[in-house]
(Lines give C-alpha, C1' and ligand atoms only; values in the text may rest on other atoms or scores of the structure.)
Protein backbone atom coordinates (compact mmCIF):
# COMPACT_ATOMS: atom_id res chain seq x y z
CA UNK A 1 0.00 0.00 0.00
CA UNK A 2 2.77 2.47 0.87
CA UNK A 3 4.18 2.22 -2.68
CA UNK A 4 0.95 3.89 -3.84
CA UNK A 5 0.02 6.17 -0.93
CA UNK A 6 3.42 7.76 -0.22
CA UNK A 7 3.96 9.11 -3.77
CA UNK A 8 0.37 10.42 -3.67
CA UNK A 9 1.35 12.42 -0.58
CA UNK A 10 4.27 13.96 -2.49
CA UNK A 11 7.18 11.89 -1.18
CA UNK A 12 9.66 9.69 -3.03
CA UNK A 13 9.76 6.01 -2.10
CA UNK A 14 12.18 3.26 -3.16
CA UNK A 15 11.38 -0.40 -2.62
CA UNK A 16 13.68 -3.33 -1.92
CA UNK A 17 13.16 -7.04 -2.62
CA UNK A 18 12.74 -8.59 0.80
CA UNK A 19 10.25 -10.81 2.59
CA UNK A 20 9.56 -11.76 6.17
CA UNK A 21 10.12 -15.15 7.76
CA UNK A 22 7.04 -17.32 7.25
CA UNK A 23 6.35 -19.05 10.58
CA UNK A 24 3.45 -21.11 9.26
CA UNK A 25 5.15 -22.68 6.23
CA UNK A 26 8.88 -23.27 6.51
CA UNK A 27 9.15 -24.36 2.86
CA UNK A 28 8.15 -20.87 1.77
CA UNK A 29 11.36 -19.55 3.36
CA UNK A 30 13.64 -21.34 0.87
CA UNK A 31 14.27 -18.20 -1.16
CA UNK A 32 14.65 -15.92 1.85
CA UNK A 33 18.50 -15.97 2.06
CA UNK A 34 18.77 -14.92 -1.61
CA UNK A 35 16.23 -12.13 -1.11
CA UNK A 36 18.10 -10.92 1.96
CA UNK A 37 21.40 -10.90 0.08
CA UNK A 38 19.84 -9.06 -2.86
CA UNK A 39 18.28 -6.50 -0.53
CA UNK A 40 21.68 -5.65 0.96
CA UNK A 41 23.03 -4.84 -2.53
CA UNK A 42 19.96 -2.68 -3.20
CA UNK A 43 20.35 -0.89 0.13
CA UNK A 44 24.04 -0.25 -0.55
CA UNK A 45 23.15 1.46 -3.82
CA UNK A 46 20.41 3.55 -2.24
CA UNK A 47 22.57 4.73 0.67
CA UNK A 48 25.59 5.45 -1.53
CA UNK A 49 23.39 7.58 -3.78
CA UNK A 50 21.47 9.35 -1.02
CA UNK A 51 24.34 9.76 1.49
CA UNK A 52 22.12 10.09 4.61
CA UNK A 53 23.24 11.78 7.82
CA UNK A 54 21.03 9.36 9.76
CA UNK A 55 18.82 6.36 9.13
CA UNK A 56 15.54 5.80 10.97
CA UNK A 57 13.80 2.43 11.17
CA UNK A 58 10.24 1.80 12.27
CA UNK A 59 10.36 -1.98 12.49
CA UNK A 60 9.51 -4.83 10.18
CA UNK A 61 11.69 -7.03 8.01
CA UNK A 62 12.14 -4.33 5.35
CA UNK A 63 13.95 -2.05 7.80
CA UNK A 64 16.48 -4.70 8.83
CA UNK A 65 18.91 -4.61 5.85
CA UNK A 66 18.70 -0.79 5.68
CA UNK A 67 19.67 -0.18 9.29
CA UNK A 68 22.14 -3.07 9.42
CA UNK A 69 24.03 -1.65 6.44
CA UNK A 70 23.96 1.87 7.92
CA UNK A 71 25.30 0.58 11.23
CA UNK A 72 28.11 -1.24 9.42
CA UNK A 73 29.06 2.04 7.74
CA UNK A 74 28.99 4.04 10.96
CA UNK A 75 25.94 6.09 10.02
CA UNK A 76 23.84 7.07 13.08
CA UNK A 77 20.72 4.92 13.33
CA UNK A 78 17.51 5.42 15.25
CA UNK A 79 14.60 3.09 15.91
CA UNK A 80 10.97 3.81 16.61
CA UNK A 81 9.14 0.85 18.20
CA UNK A 82 5.43 1.62 17.97
CA UNK A 83 4.11 -1.51 19.69
CA UNK A 84 4.15 -2.58 23.32
CA UNK A 85 5.80 -5.86 22.25
CA UNK A 86 8.95 -5.25 20.23
CA UNK A 87 9.53 -6.95 16.90
CA UNK A 88 12.53 -9.18 16.19
CA UNK A 89 14.12 -6.77 13.69
CA UNK A 90 14.05 -3.87 16.13
CA UNK A 91 15.39 -6.00 18.99
CA UNK A 92 18.39 -7.07 16.89
CA UNK A 93 19.02 -3.57 15.54
CA UNK A 94 18.58 -1.92 18.93
CA UNK A 95 21.92 -3.16 20.19
CA UNK A 96 23.80 -0.76 17.90
CA UNK A 97 21.21 1.99 17.48
CA UNK A 98 22.02 5.46 18.80
CA UNK A 99 18.56 5.96 20.31
CA UNK A 100 15.34 3.97 20.53
CA UNK A 101 11.99 5.75 20.67
CA UNK A 102 9.13 3.78 22.19
CA UNK A 103 5.40 4.22 22.68
CA UNK A 104 4.96 2.16 25.85
CA UNK A 105 6.61 1.94 29.23
CA UNK A 106 8.39 -1.22 30.35
CA UNK A 107 10.36 -1.65 27.10
CA UNK A 108 13.61 -2.28 28.97
CA UNK A 109 12.91 -5.99 28.57
CA UNK A 110 13.58 -5.60 24.83
CA UNK A 111 16.16 -2.83 24.54
CA UNK A 112 19.15 -1.29 26.39
CA UNK A 113 17.56 0.99 29.00
CA UNK A 114 20.07 3.80 28.44
CA UNK A 115 19.01 4.23 24.81
CA UNK A 116 15.26 4.41 25.43
CA UNK A 117 13.09 7.49 25.16
CA UNK A 118 9.34 7.28 25.71
CA UNK A 119 7.83 9.43 22.96
CA UNK A 120 4.53 7.81 21.98
CA UNK A 121 3.51 7.32 18.36
CA UNK A 122 3.21 10.08 15.76
CA UNK A 123 -0.38 10.87 14.73
CA UNK A 124 -1.26 12.77 11.57
CA UNK A 125 -1.93 16.48 11.99
CA UNK A 126 -5.45 16.27 10.56
CA UNK A 127 -6.46 14.17 13.60
CA UNK A 128 -4.36 15.90 16.25
CA UNK A 129 -5.61 19.33 15.26
CA UNK A 130 -9.14 18.34 14.31
CA UNK A 131 -11.85 20.75 15.38
CA UNK A 132 -14.59 18.87 13.58
CA UNK A 133 -17.80 18.48 15.58
CA UNK A 134 -19.89 15.34 15.87
CA UNK A 135 -22.68 16.91 13.82
CA UNK A 136 -20.25 17.91 11.07
CA UNK A 137 -18.86 14.37 10.94
CA UNK A 138 -22.33 12.82 10.76
CA UNK A 139 -23.39 15.25 8.05
CA UNK A 140 -20.30 14.25 6.02
CA UNK A 141 -21.46 10.61 6.07
CA UNK A 142 -25.15 11.44 5.67
CA UNK A 143 -26.14 9.93 9.01
CA UNK A 144 -28.56 11.00 11.75
CA UNK A 145 -27.42 13.09 14.74
CA UNK A 146 -30.04 11.38 16.90
CA UNK A 147 -28.65 7.82 16.74
CA UNK A 148 -25.57 6.25 18.33
CA UNK A 149 -22.89 5.83 15.68
CA UNK A 150 -20.48 2.91 15.39
CA UNK A 151 -17.29 3.22 13.33
CA UNK A 152 -15.79 -0.08 12.17
CA UNK A 153 -12.36 -0.20 10.59
CA UNK A 154 -9.99 -3.09 10.01
CA UNK A 155 -7.27 -1.23 8.14
CA UNK A 156 -6.65 -0.78 4.42
CA UNK A 157 -6.98 -4.49 3.59
CA UNK A 158 -9.87 -5.04 5.97
CA UNK A 159 -10.49 -7.49 8.80
CA UNK A 160 -12.48 -10.54 7.79
CA UNK A 161 -13.65 -11.33 11.33
CA UNK A 162 -14.99 -7.80 11.85
CA UNK A 163 -16.62 -7.69 8.42
CA UNK A 164 -18.29 -11.08 8.86
CA UNK A 165 -19.57 -10.16 12.31
CA UNK A 166 -21.11 -6.93 11.04
CA UNK A 167 -22.58 -8.50 7.90
CA UNK A 168 -24.22 -11.22 10.00
CA UNK A 169 -25.67 -8.85 12.59
CA UNK A 170 -26.74 -5.74 10.68
CA UNK A 171 -30.34 -6.41 11.78
CA UNK A 172 -29.27 -6.43 15.45
CA UNK A 173 -27.53 -3.08 15.08
CA UNK A 174 -30.60 -1.57 13.44
CA UNK A 175 -32.97 -2.98 16.08
CA UNK A 176 -30.87 -1.32 18.77
CA UNK A 177 -30.98 2.04 16.97
CA UNK A 178 -27.29 1.98 16.01
CA UNK A 179 -25.98 3.39 12.74
CA UNK A 180 -22.72 2.33 11.15
CA UNK A 181 -19.73 3.85 9.37
CA UNK A 182 -18.11 0.76 7.87
CA UNK A 183 -14.67 0.66 6.27
CA UNK A 184 -14.49 -2.82 4.78
CA UNK A 185 -10.94 -2.69 3.45
CA UNK A 186 -10.02 -3.78 -0.06
CA UNK A 187 -10.17 -7.57 0.45
CA UNK A 188 -13.61 -8.92 -0.60
CA UNK A 189 -14.92 -5.36 -0.29
CA UNK A 190 -17.66 -5.71 -2.91
CA UNK A 191 -19.37 -8.48 -0.94
CA UNK A 192 -19.74 -6.35 2.17
CA UNK A 193 -20.36 -3.07 0.37
CA UNK A 194 -23.39 -4.54 -1.39
CA UNK A 195 -24.82 -5.71 1.95
CA UNK A 196 -24.19 -2.40 3.67
CA UNK A 197 -25.65 -0.23 0.94
CA UNK A 198 -29.00 -1.99 1.29
CA UNK A 199 -29.35 -0.39 4.75
CA UNK A 200 -30.50 3.16 5.45
CA UNK A 201 -28.36 3.68 8.57
CA UNK A 202 -25.12 2.33 7.07
CA UNK A 203 -22.35 4.23 5.27
CA UNK A 204 -19.96 1.72 3.71
CA UNK A 205 -16.80 1.92 1.59
CA UNK A 206 -13.54 0.04 1.17
CA UNK A 207 -11.53 3.08 2.35
CA UNK A 208 -12.07 6.26 4.36
CA UNK A 209 -9.88 9.08 3.11
CA UNK A 210 -10.81 11.53 5.87
CA UNK A 211 -10.55 9.61 9.12
CA UNK A 212 -10.85 12.82 11.13
CA UNK A 213 -14.47 12.98 9.94
CA UNK A 214 -15.09 9.36 10.95
CA UNK A 215 -13.62 9.83 14.42
CA UNK A 216 -15.67 12.99 14.96
CA UNK A 217 -18.89 11.17 14.02
CA UNK A 218 -18.26 8.00 16.04
CA UNK A 219 -19.56 7.22 19.52
CA UNK A 220 -18.07 3.70 19.56
CA UNK A 221 -15.21 2.35 17.44
CA UNK A 222 -14.49 -1.22 16.38
CA UNK A 223 -10.84 -1.56 15.40
CA UNK A 224 -7.81 -3.75 15.07
CA UNK A 225 -5.16 -2.87 17.65
CA UNK A 226 -2.18 -1.97 15.53
CA UNK A 227 -0.01 0.68 17.13
CA UNK A 228 -1.07 3.53 14.85
CA UNK A 229 -4.77 2.77 15.19
CA UNK A 230 -4.39 2.77 18.97
CA UNK A 231 -2.47 6.06 18.90
CA UNK A 232 -5.17 7.73 16.80
CA UNK A 233 -7.96 6.49 19.06
CA UNK A 234 -6.14 7.86 22.10
CA UNK A 235 -5.88 11.28 20.48
CA UNK A 236 -9.50 11.14 19.26
CA UNK A 237 -10.62 10.00 22.76
CA UNK A 238 -12.93 7.27 21.51
CA UNK A 239 -14.49 4.34 23.34
CA UNK A 240 -13.18 1.33 21.44
CA UNK A 241 -13.70 -2.40 21.13
CA UNK A 242 -10.48 -3.95 19.87
CA UNK A 243 -10.30 -7.13 17.79
CA UNK A 244 -6.54 -7.90 17.59
CA UNK A 245 -5.20 -9.55 14.44
CA UNK A 246 -3.94 -12.86 15.89
CA UNK A 247 -1.29 -13.51 13.23
CA UNK A 248 0.63 -10.25 13.67
CA UNK A 249 4.30 -10.78 14.49
CA UNK A 250 4.76 -11.91 18.10
CA UNK A 251 0.98 -11.33 18.47
CA UNK A 252 1.81 -7.69 19.20
CA UNK A 253 -1.74 -6.50 18.51
CA UNK A 254 -3.05 -8.54 21.43
CA UNK A 255 -0.28 -7.08 23.60
CA UNK A 256 -1.31 -3.57 22.51
CA UNK A 257 -4.97 -4.24 23.35
CA UNK A 258 -4.19 -5.79 26.73
CA UNK A 259 -2.05 -2.78 27.58
CA UNK A 260 -5.20 -0.66 27.18
CA UNK A 261 -7.38 -3.16 29.03
CA UNK A 262 -5.05 -2.96 32.02
CA UNK A 263 -5.68 0.79 32.10
CA UNK A 264 -9.48 0.41 31.65
CA UNK A 265 -9.08 2.22 28.33
CA UNK A 266 -10.67 -0.27 25.94
CA UNK A 267 -12.49 -3.57 25.50
CA UNK A 268 -11.21 -6.69 23.75
CA UNK A 269 -12.94 -9.35 21.68
CA UNK A 270 -10.80 -12.21 20.34
CA UNK A 271 -10.67 -12.55 16.58
CA UNK A 272 -11.92 -16.14 16.81
CA UNK A 273 -14.95 -15.00 18.83
CA UNK A 274 -15.82 -11.88 16.85
CA UNK A 275 -18.69 -13.39 14.87
CA UNK A 276 -20.51 -14.47 18.04
CA UNK A 277 -19.53 -11.73 20.51
CA UNK A 278 -18.55 -8.52 18.73
CA UNK A 279 -21.92 -6.94 18.00
CA UNK A 280 -23.34 -7.96 21.40
CA UNK A 281 -20.35 -6.28 23.06
CA UNK A 282 -20.85 -3.11 21.00
CA UNK A 283 -24.59 -2.99 21.69
CA UNK A 284 -24.04 -3.47 25.43
CA UNK A 285 -21.40 -0.74 25.46
CA UNK A 286 -23.63 1.68 23.55
CA UNK A 287 -26.26 1.33 26.30
CA UNK A 288 -23.82 1.76 29.19
CA UNK A 289 -23.24 5.51 29.29
CA UNK A 290 -21.01 5.38 32.36
CA UNK A 291 -18.74 2.78 30.71
CA UNK A 292 -18.59 4.85 27.53
CA UNK A 293 -17.49 7.87 29.54
CA UNK A 294 -14.92 5.85 31.49
CA UNK A 295 -13.34 4.41 28.33
CA UNK A 296 -13.21 7.81 26.61
CA UNK A 297 -11.60 9.49 29.60
CA UNK A 298 -9.05 6.72 30.20
CA UNK A 299 -7.96 6.33 26.57
CA UNK A 300 -7.74 10.11 26.26
CA UNK A 301 -5.24 10.22 29.12
CA UNK A 302 -2.86 8.10 27.01
CA UNK A 303 -2.87 10.51 24.07
CA UNK A 304 0.41 11.92 22.78
CA UNK A 305 0.10 14.75 20.28
CA UNK A 306 3.73 15.81 19.67
CA UNK A 307 5.62 12.53 19.20
CA UNK A 308 6.71 13.54 15.69
CA UNK A 309 8.27 16.78 16.94
CA UNK A 310 10.01 15.11 19.89
CA UNK A 311 11.47 12.33 17.72
CA UNK A 312 12.67 14.76 15.03
CA UNK A 313 14.27 17.07 17.60
CA UNK A 314 16.09 14.17 19.29
CA UNK A 315 17.43 12.86 15.97
CA UNK A 316 18.67 16.30 14.89
CA UNK A 317 20.18 16.92 18.32
CA UNK A 318 22.02 13.61 18.30
CA UNK A 319 23.40 14.23 14.79
CA UNK A 320 24.60 17.67 15.88
CA UNK A 321 26.37 16.20 18.92
CA UNK A 322 28.06 13.56 16.75
CA UNK A 323 29.27 16.16 14.23
CA UNK A 324 30.68 18.42 16.99
CA UNK A 325 32.44 15.47 18.59
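The values are calculated or read from the model by the stated rules, or taken from the named source; none is laboratory data. No experiment lies behind these values; they were computed from the predicted model shown. With ideal geometry, Cβ positions are generated from the backbone for all residues, glycine too; neighbour counts draw on all protein chains shown.
Is it fair to say residue 74 is loosely packed, with under 15 Cβ neighbours inside 10 Å and in a loop (DSSP other than H, G, I, E, B)?
Numbers: loosely packed, with under 15 Cβ neighbours inside 10 Å: yes; in a loop (DSSP other than H, G, I, E, B): yes.
Taking the combined requirement at face value, the residue satisfies it.
Are there any pairs with C-beta distances below 6 angstrom linking a residue in the stretch 1-13 that is over 20 Å from residue 47 (Cα atoms) to a residue that is at pLDDT below 90 and in a loop (DSSP other than H, G, I, E, B), with the two at least 6 apart or on different chains, and if so which?
1/156
Kindly list the number of the only condition in (1) touching a helix residue (DSSP H, G or I) at 6+ places or on another chain (Cβ under 6 Å); (2) within 17 Å of residue 220 (Cα to Cα); (3) touching a residue at least 12 places away in the same chain (Cβ under 8 Å) that fails for residue 164.
For residue 164, the exception is condition (2).
Of all residues being within 21 Å of residue 96 (Cα to Cα) and part of a helix (DSSP H, G or I) in the stretch 47-64, which is nearest to the chain's Cα centre (by Cα)? Just the residue, please.
63
Hand me the list of helices (runs of 4 or more DSSP H) wholly inside the stretch 81-149 holding 2 or more residues that are closer than 23 Å to residue 71 by Cα.
88-94
Residues that are at pLDDT 95 or above, under 23 Å from residue 126 (Cβ atoms) and surrounded by 19 or more Cβ atoms within 10 Å (Cβ to Cβ): does the stretch 166-181 have at least one?
yes
Only residues that are touching a residue at least 60 places away in the same chain (Cβ under 8 Å) and assigned to a helix (DSSP H, G or I): list them for the stretch 167-183, please. Break it down stepwise before answering.
Of the stretch 167-183, the ones touching a residue at least 60 places away in the same chain (Cβ under 8 Å) are 168-169, 172-173, 176, 178.
Result: 168, 172, 173.
Could you list, in sequence order, the residues of the stretch 268-310 that are farther than 21 Å from residue 175 by Cβ, in contact with a helix residue (DSSP H, G or I) (Cβ under 6 Å, 6 or more places away or on another chain) and in a helix (DSSP H, G or I)?
Answer for the stretch 268-310, where residues must be farther than 21 Å from residue 175 by Cβ, in contact with a helix residue (DSSP H, G or I) (Cβ under 6 Å, 6 or more places away or on another chain) and in a helix (DSSP H, G or I): 271, 299.
Just one of the numbered conditions (1) modelled with pLDDT of 95 or more; (2) buried (at least 24 other Cβ atoms within 10 Å of the Cβ) is not true of residue 146; which one?
(2)
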